[in-house]
């Protein structure tokens, strides 16, 4: 068993274009051993289409750079498709996300012909527990505890021993500042496979997440 301490910073943005369409964009950076070593960066963009107020389908593309000792040694090109279901259980909120990723890896030191490829299937469930209202004037300003779990499974002819990719257990106190902005200070307990069949990596991740929701719709056209 290997262990790692990591720090992640990620910013998520959603822009409502119409009653059905939403533009999606996020980006982040990751470090290992505090801020001593750069680990990776990711940029991801996509669109979502709301089939109902609770159900959204979407897709997009992510690009990831993975660091070696001091520089980028590997790129990942990652188209994805997803289904997002949100609901309320009394005062609790619950969301389910199913995502399929087509992962294409390119090592910078190798020719383009030597490319790795696999599918990855992700299922995430998140429960939101309201803890406290922070403003008598703004009902959206509150403290919420988000609890979640996400499992990742690999598939494809290049996958041998590592069908299980990783699992993330999330504990995330969240300050919902208003309807558009929230900040989460998240602990992520991540259990992941490695290239060696009998060795797994446990990572303790401190994850700062900033979420910004914008509405570009004409006020007269909103539902």
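The values are calculated or read from the model by the stated rules, or taken from the named source; none is laboratory data. Treat the numbers as computed from the prediction; the structure is a model and nothing was measured. FYI the Cβ positions are ideal-geometry reconstructions off the backbone, even for glycines, and counts take in every protein chain you see.
Being under 21 Å from residue 122 (Cα atoms), touching a residue at least 60 places away in the same chain (Cβ under 8 Å) and assigned to a strand (DSSP E or B), is that true of even one residue in the range 193-200?
Yes, the range 193-200 contains a residue that is under 21 Å from residue 122 (Cα atoms), touching a residue at least 60 places away in the same chain (Cβ under 8 Å) and assigned to a strand (DSSP E or B).
Name the one entry in 96, 161 that is in a loop (DSSP other than H, G, I, E, B), touching a residue at least 24 places away in the same chain (Cβ under 8 Å) and either over 23 Å from the mean Cα position of the chain (by Cα) or surrounded by 13 or more Cβ atoms within 10 Å (Cβ to Cβ) (or both).
The conditions single out 161.
Tell me which of these residue 105 doesn't satisfy, since it passes every other one: (1) over 17 Å from the mean Cα position of the chain (by Cα); (2) in a strand (DSSP E or B); (3) modelled with pLDDT of 95 or more.
The number of the failed condition is (3).
Suppose we keep only residues that are surrounded by fewer than 18 Cβ atoms within 10 Å (Cβ to Cβ) and more than 19 Å from residue 127 (Cα to Cα) within the range 146-158. Which one would you say is nearest to the chain's Cα centre (by Cα)?
It comes out as 153.
In this structure, is residue 140 at pLDDT below 95, out of contact with any helix residue (DSSP H, G or I) (no Cβ under 6 Å at 6 or more places or on another chain), over 22 Å from residue 80 (Cβ atoms) and surrounded by 14 or more Cβ atoms within 10 Å (Cβ to Cβ)?
yes
Return a yes/no flag: does the range 77-90 have any residue that is outside any strand (DSSP E or B), at pLDDT below 95, over 26 Å from residue 45 (Cα atoms) and touching a strand residue (DSSP E or B) at 6+ places or on another chain (Cβ under 9 Å).
no
Let's see how each residue does on (1) surrounded by 14 or more Cβ atoms within 10 Å (Cβ to Cβ); (2) more than 24 Å from residue 30 (Cα to Cα):
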residue: 53; (1), (2): no, yes
residue: 59; (1), (2): yes, no
residue: 67; (1), (2): yes, no
residue: 73; (1), (2): no, no
residue: 77; (1), (2): yes, no
residue: 82; (1), (2): yes, no
residue: 100; (1), (2): yes, no
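Would you be able to tell me the number of residues in the range 135-158 that are over 23 Å from residue 205 (Cα atoms) and in contact (Cβ under 8 Å) with a residue 24 or more places away in the chain?
Residues in the range 135-158 being over 23 Å from residue 205 (Cα atoms) and in contact (Cβ under 8 Å) with a residue 24 or more places away in the chain: 7 in total.
Can you report the number of residues in the range 22-46 which are loosely packed, with under 15 Cβ neighbours inside 10 Å and in contact (Cβ under 8 Å) with a residue 24 or more places away in the chain?
4
Within 16 Å of the chain's Cα centre (by Cα) and in a strand (DSSP E or B), is that true of residue 46?
So residue 46 fits the description; yes.
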